[in-house]
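The values are calculated or read from the model by the stated rules, or taken from the named source; none is laboratory data. All figures in this text were calculated on a predicted structure; none of them were measured in a lab. All Cβ positions, glycine included, derive from the backbone under ideal geometry; neighbour counts span all protein chains shown.
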Amino acid sequence: MFEIGSTLREARVRRKLTLQQAEEDTKIRVKYLQAMENEDFDLMPGQAYVKGFLQTYATYLGLDPSIILDEYRSRGTVREEHQPFGGSSVIGKPFSHRRRNTLAFIAVACLLVLAVIYVLGLNGEDTAPQGGAPVDTGVLSPSPSATASASLSPSPSPSAIASDVVRVSASRGDCWLEVRRDGSGGELLYRDTLTRGKTKLFHGDDLYMTVGNPPAISIRAGEKALARLEGVGPQVVQIVDGKLVQGSATGE
């Protein structure tokens, strides 16, 4: 077992960096940098933040973040999470709570599908000739069995995903993520570490995201791939009407 704090401190000193310079480059406050170098992890906002900050700081110092994180996890650090942004935390919620959230999202998706079918039906009625016999257009109305099948579908097919459905994928590594709807003080949709290979879907015209490891994720609004995020985290981005309007990013 090696010392996380002394390893970070020695790497910083070796690169002739001050804590103030590291704060400016990583956007991590000096008191949290000192807490990591002194292994005072109880001074950090929460365990998820500890992992995100350790990964960012280790990468910044030219260290292998996986070794630092493995050492941290091997110590079995478990403590109560703080709520730096306010609101209720979804980290550490019982499995039943998470399952209820998932079922609620599926139910919303099904309602959206039914709403689209209903609107299409109304548009078809408006185009019928006034005062005349119905015109056979060759388009069949959805049967009850087809409607039932659509209502049981967990999510729309890829070709039918609307632009206000945002998909976040941890395609290049683990990434701590917080997502809120309608600004930084809006409804909390997700707060947890998105592990590599996992994808989360969020619905909203205005999504506010705090990203711990920006290069690890890719973002799509509907079927449109948004610009890839660069730099170290935590980083704040905002997606409005399917467009990335805030945050540091470069085109894919």
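For first residues located in the range 24-43 and under 20 Å from Asn213 (Cα atoms) and among the hydrophobic types (A, V, I, L, M, F, W, C), partners that are loosely packed, with under 13 Cβ neighbours inside 10 Å and at pLDDT 95 or above and lie 6+ apart or on another chain with Cβ distances below 7 Å form the pairs Val30/Gln20. Kindly indicate which of Lys31, Lys16 is charged (D, E, K, R) and in a helix (DSSP H, G or I). The unique qualifying residue is Lys31. Among what's in the range 158-206 and is β-branched (Val, Ile, Thr) and under 18 Å from Ala107 (Cα atoms), pick the residue that is surrounded by the most Cβ atoms within 10 Å (Cβ to Cβ). Among those residues, the one meeting the criterion is Val166. Tell me the residue from Glu23, Glu71 that is modelled with pLDDT of 95 or more, surrounded by 12 or more Cβ atoms within 10 Å (Cβ to Cβ) and not in a loop (DSSP other than H, G, I, E, B), please. Answer to the check: Glu23.
Pairs are defined by a Cβ separation below 8 Å, a sequence spacing of at least 6 or placement on different chains, a first member in the range 178-193 that is at positive phi, and a second member that is among the hydroxyl-bearing types (Ser, Thr, Tyr) and modelled with pLDDT of 90 or more; no pair meets this definition. Taking the range 50-62 as the range and being closer than 17 Å to Leu194 by Cβ and surrounded by fewer than 20 Cβ atoms within 10 Å (Cβ to Cβ) as the test, no residue passes. Exactly one of (1) at pLDDT 90 or above; (2) closer than 25 Å to Gln47 by Cβ is unmet by Val211. Its number? Of the numbered conditions (1) at pLDDT 90 or above; (2) closer than 25 Å to Gln47 by Cβ, the odd one out for Val211 is (1). With respect to being at pLDDT 80 or above, more than 24 Å from Ile28 (Cα to Cα) and among the hydroxyl-bearing types (Ser, Thr, Tyr), Thr199 fits the description. For Pro45, indicate whether it is surrounded by fewer than 20 Cβ atoms within 10 Å (Cβ to Cβ), modelled with pLDDT of 90 or more and either closer than 28 Å to Arg196 by Cβ or among the hydrophobic types (A, V, I, L, M, F, W, C) (or both). Taking the combined requirement at face value, the residue does not satisfy it. The set of residues in the range 1-20 that are among the acidic types (Asp, Glu) and over 15 Å from Ala35 (Cβ atoms) contains only Glu10. Among the residues of the range 203-224, those identified as closer than 25 Å to Thr56 by Cα and part of a strand (DSSP E or B) are Leu207, Tyr208, Met209, Thr210, Val211, Ser218, Ile219, Arg220.
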